[in-house]
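J.: My questions will all concern the structure given below.
Values quoted throughout were computed directly from the atomic coordinates according to the rules given, and no laboratory measurement underlies them. Worth saying up front: this structure is predicted, and the values here are computed from it rather than measured. Heads up, the Cβs are rebuilt from the backbone with ideal geometry, glycines too, and the neighbour counts pull from every protein chain shown.
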Amino acid sequence: MIGATLATAPFAKAATAQVTATQEGMTGRTEVSLTVNGEAKRLSLDPRASLLDTLREELALTGAKKGCDHGQCGACTVHLDGRRIASCLTLAVQADGCAVTTIEGVSPEDGSLHPMQQAFIDHDALQCGYCTPGQIMAAIACVREGHVGNADEIREYMSGNLCRCGAYAGILAAIQDAASKMRAG
């Protein structure tokens, strides 16, 4: 028995080394270039990293939240080349060469709030605040894409963003209020 163990030991080491080399090859880093909130970023990432995790862990932009990690709640909503996306379902490598806008990047440079941010405050469109960044990013896209014809259209367009506190009446009012200000500005 001891002889068998000693005889297979070199093969076990070789197999372990081969598995380790394969794992390292599978988890190699990938270079990604993004423009995040107007700033060019070049990152070396695990190719399996989600855009959400990259924003939060690599760039310390924690506005987008990890709610469900399945694209069902909208807490992670950001804009990719101007279109809203669930960043938890988007690999960071898919965003290579793209412009990413997070809640941290929507305010004007003068320090004032974006009209949608102000409308959320004015209409008490939040309670705990966890979903608010994703709600605001989806609401901005809702207005920009012309989905504010009536309350039912807004509700339909915003249905991918959940608020567990139930602030939907305030969210609807905020979007309706901000829409005219966004069009004027």
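J.: Please list 3J(HN,Hα) in residue order for region 113-126, calculated via the Karplus relation 6.51 cos²θ - 1.76 cosθ + 1.60 where θ = phi - 60°; whole Hz, with x for glycine and proline.
T.: Result, rounded to whole Hz: 8, 5, x, 5, 4, 5, 5, 5, 5, 4, 9, 6, 8, 7.
J.: For a quick check: with amide H placed at 1.01 Å from N, whose amide H comes under 5 Å from THR30's, ignoring anything fewer than 5 positions away on the same chain?
T.: LEU45, ASP46
J.: Which net charge results for the neighbourhood of PHE120, defined as the other residues with beta-carbon distances under 15 angstrom from its beta-carbon, given Lys and Arg at +1 and Asp and Glu at -1?
T.: Values: positive: LYS181; negative: ASP122, ASP124, ASP177.
Result for the local shell: -2.
J.: Here is a follow-up. For SER50, enumerate residues with amide H under 5 Å from its amide H, sequence gap 5+ or separate chain, H modeled in the peptide plane.
T.: ALA92
J.: How much FRET efficiency would the formula 1/(1 + (r/R0)^6) give for ASP69 and ASP46, where r is the Cβ-Cβ distance and R0 is 22 Å, rounded to 0.05?
T.: Numbers: r = 16 Å, r/R0 = 0.73.
Efficiency, rounded to the nearest 0.05: 0.85.
J.: Which FRET efficiency value, to the nearest 0.05, do you get for ASP81 and GLU109 by plugging their Cβ-Cβ distance into 1/(1 + (r/R0)^6) with R0 = 25 Å?
T.: That pair, ASP81 with GLU109, gives E of 0.75.
J.: Now for a separate question. What do you get for Rg/Rh over region 115-184 if you use C-alpha atoms and the Kirkwood form of Rh? Walk me through the numbers before you get to the answer.
T.: On the way: Rg = 10.5 Å, Rh = 11.5 Å.
Ratio value, two decimals: 0.91.
J.: Give me the Kirkwood hydrodynamic radius of region 107-149, using the inverse of the mean 1/r over all pairs of distinct Cα atoms, in Å to one decimal. Before the final figure, lay out each step's value.
T.: Numbers: mean 1/r = 0.0901 Å⁻¹.
Taking the inverse mean of 1/r over all distinct Cα pairs, region 107-149 comes out at 11.1 Å.
J.: What relative contact order, as a whole-number percentage, does region 115-184 give when Cα pairs under 8 Å and 6 or more residues apart are counted?
T.: Relative contact order here is 52 percent.
J.: Any chance you could run the full-extension gain for ARG144 through SER33? It's 0.36 nm times the residue separation minus the Cα-Cα distance, nm to one decimal. Before the final figure, lay out the partial values.
T.: Working: separation 111, 0.36 × 111 = 39.96 nm, distance 2.59 nm.
This chain segment gains 37.4 nm when fully extended.
J.: Using a ≥ b ≥ c from the Cα gyration tensor of region 35-118 (square roots of the eigenvalues), is it rounded, prolate or oblate, where a/c under 1.5 gives rounded and otherwise the larger of a/b and b/c decides, a/b for prolate? Walk me through the numbers on the way to the answer.
T.: On the way: a/c = 1.92, a/b = 1.30, b/c = 1.47.
Judged from the Cα gyration tensor, region 35-118 comes out oblate (a/c at least 1.5, b/c at or above a/b).
J.: Still on this structure: How big is the charge dipole of region 115-184 about its Cα centre, in debye rounded to the nearest 20, if each Lys and Arg gets +1 on its Cβ and each Asp and Glu gets -1 on its Cβ?
T.: So the dipole magnitude of region 115-184 works out to roughly 140 debye.
J.: So how do ASP81, ASP110 line up by other beta-carbon neighbours within 10 Å, fewest first?
T.: Lowest to highest Cβ neighbour count: ASP110, ASP81.
J.: Between LYS41 and residues 5 or more places away or on another chain, which pairs have amide H atoms under 5 Å apart, with H built 1.01 Å from N, and which residues are they?
T.: Answer set, sorted by chain and number: LEU34, THR35, VAL36.
J.: Give the peptides 167-174, 73-80 in descending order of average Cβ contacts within 10 Å, highest first.
T.: 73-80, 167-174
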